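The values are calculated or read from the model by the stated rules, or taken from the named source; none is laboratory data. Not measured: the values here are computed from a predicted model. Backbone-built Cβ (ideal geometry, glycine too); neighbour counts: all protein chains shown. The protein model used for the area step is the full one, side chains on, heavy atoms only, and it has no ligands, DNA or RNA in it. Shrake-Rupley method; radii C 1.70, N 1.55, O 1.52, S 1.80 Å.
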Amino acid sequence: AGLFLLGDCYHRRMTNADPRELAKFSELAHRWWDTQSDFRPLHEINPLRLEWIESLAGLSGKRVLDVGCGGGILADAMARRGADVLGIDLAGKALKVAQLHAIEAATPNVEYREIAAEALAADMPESFDVVTCMEMLEHVPDPASIVAACGRLLKPGGSAFFSTIHRNAKAFAMAIVAAEHVLKLVPKGTHEFAKLIRPSELAGWCRAADLELVQMRGLEYNPISRRYRISSDTSVNYLVAARKLGC
């Protein structure tokens, strides 16, 4: 029992999360799988990011970790492509929604766990072929720590995938003013400009985590067609693929 309590305390000390962010997403947890809710953009971009991940790493038969999985939109989709998926998050209500959806939809080979990425990296280093961390880094106090944990969790030669938002004037205008206040694609207050991340910063964290940059792509939204597409424009939303060195 003493060892269990010691481990539990250790995990809590390693928590890298903003309580306000956890509360914000927990309040919306019951709407994760409503495609017309505040999570509609995630449902609309999910096929794009899923195909991008699979094109670079393949999913069938792979052991995959989804860091910051929320209600399980991406984790569920990757499991349906044949991956053995573990989704982790610190928003307990969202995880319960993910677990319930997996049961109701009979999703194979997916499980969820409430644990910090850093704590899991201490428990299960080099255990995953693929690690994804999408739309999360801009919501935590120390994003570099998350990237480092993702690197430790990957097997040598494994693939890491990140997505986040650039920190510049265009991103402020598009991702905050337009998306939150004009088009109302996401709730007001979803993003804080100071927490947005320049590609050079993310690339630096990847290098420090022994992750070699493989590809950087942009994710664009057309307000007229109301469609998203992956492009070469990384000035607002962007995705990064990296490979762990050593293989």
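What's the total number of residues in segment 116-149 that are touching a residue at least 40 places away in the same chain (Cβ under 8 Å), hydrophobic (A, V, I, L, M, F, W, C) and more than 20 Å from ALA77 (Cα to Cα)?
Of the residues in that region, 12 qualify.
Looking for whichever is at pLDDT 95 or above, touching a strand residue (DSSP E or B) at 6+ places or on another chain (Cβ under 9 Å) and at positive phi here; the options are GLY61, GLY87. Which one fits?
On the way: GLY87 fails: at positive phi.
Answer to the check: GLY61.
TRP52 passes all but one of (1) in a helix (DSSP H, G or I); (2) open to solvent by 20 Å² or more (accessible area, probe 1.4 Å); (3) out of contact with any helix residue (DSSP H, G or I) (no Cβ under 8 Å at 6 or more places or on another chain); which number fails?
For TRP52, the failing item is (2).
Please determine whether any residue of segment 197-211 is modelled with pLDDT of 95 or more, open to solvent by less than 10 Å² (accessible area, probe 1.4 Å) and touching a His at 6+ places or on another chain (Cβ under 8 Å).
yes
How many of the residues in segment 180-209 are in a helix (DSSP H, G or I) and touching a residue at least 60 places away in the same chain (Cβ under 8 Å)?
Counting residues in segment 180-209 that are in a helix (DSSP H, G or I) and touching a residue at least 60 places away in the same chain (Cβ under 8 Å) gives 3.
If you go through segment 62-69 one residue at a time, do you hit one that is in contact with a helix residue (DSSP H, G or I) (Cβ under 8 Å, 6 or more places away or on another chain) and charged (D, E, K, R)? Spell out how you get there, then give the answer.
First, pick out the residues of segment 62-69 that are in contact with a helix residue (DSSP H, G or I) (Cβ under 8 Å, 6 or more places away or on another chain): 64-69.
So of that shortlist, the ones also charged (D, E, K, R) come out as 66.
Yes, segment 62-69 contains a residue that is in contact with a helix residue (DSSP H, G or I) (Cβ under 8 Å, 6 or more places away or on another chain) and charged (D, E, K, R).
Filtering segment 26-46 down to residues that are open to solvent by 50 Å² or more (accessible area, probe 1.4 Å) and not in a loop (DSSP other than H, G, I, E, B), which residue is modelled with the lowest pLDDT?
GLU27
Considering only segment 223-235, state which residues are at pLDDT 95 or above and of a type in the set (A, V, I, L, M, F, W, C).
Hit for segment 223-235 is ILE230, nothing else.
Picking from ALA94, ALA57, ALA75, ALA79, which residue would you name as being under 14 Å from the mean Cα position of the chain (by Cα) and closer than 23 Å to PRO125 by Cα?
ALA75
Being open to solvent by less than 20 Å² (accessible area, probe 1.4 Å) and more than 16 Å from the chain's Cα centre (by Cα) is the filter here, so list the residues in segment 143-177 that pass it.
GLY158, ALA171, ALA175, ILE176, listed by residue number.
Hey, any hits in segment 178-191 for a residue that's crowded, with 21+ Cβ neighbours inside 10 Å and over 15 Å from the mean Cα position of the chain (by Cα)?
Within segment 178-191 (the criterion being crowded, with 21+ Cβ neighbours inside 10 Å and over 15 Å from the mean Cα position of the chain (by Cα)), the answer is yes, since at least one residue qualifies.
Please work out which one of (1) in contact with a Ser or Thr (Cβ under 7 Å, 6 or more places away or on another chain); (2) farther than 11 Å from LEU65 by Cα; (3) at pLDDT 95 or above is the condition ASP123 fails and give its number.
(1)
Would you mind telling me which numbered condition in (1) open to solvent by 50 Å² or more (accessible area, probe 1.4 Å); (2) within 17 Å of TRP32 (Cα to Cα) ILE88 fails?
Among (1) open to solvent by 50 Å² or more (accessible area, probe 1.4 Å); (2) within 17 Å of TRP32 (Cα to Cα), ILE88 violates only (1).
Considering only segment 212-242, how many residues are without any contact (Cβ under 8 Å) to a residue 60 or more places away in the chain, open to solvent by 40 Å² or more (accessible area, probe 1.4 Å) and closer than 27 Å to ARG152 by Cα?
Qualifying residue count, segment 212-242: 3.
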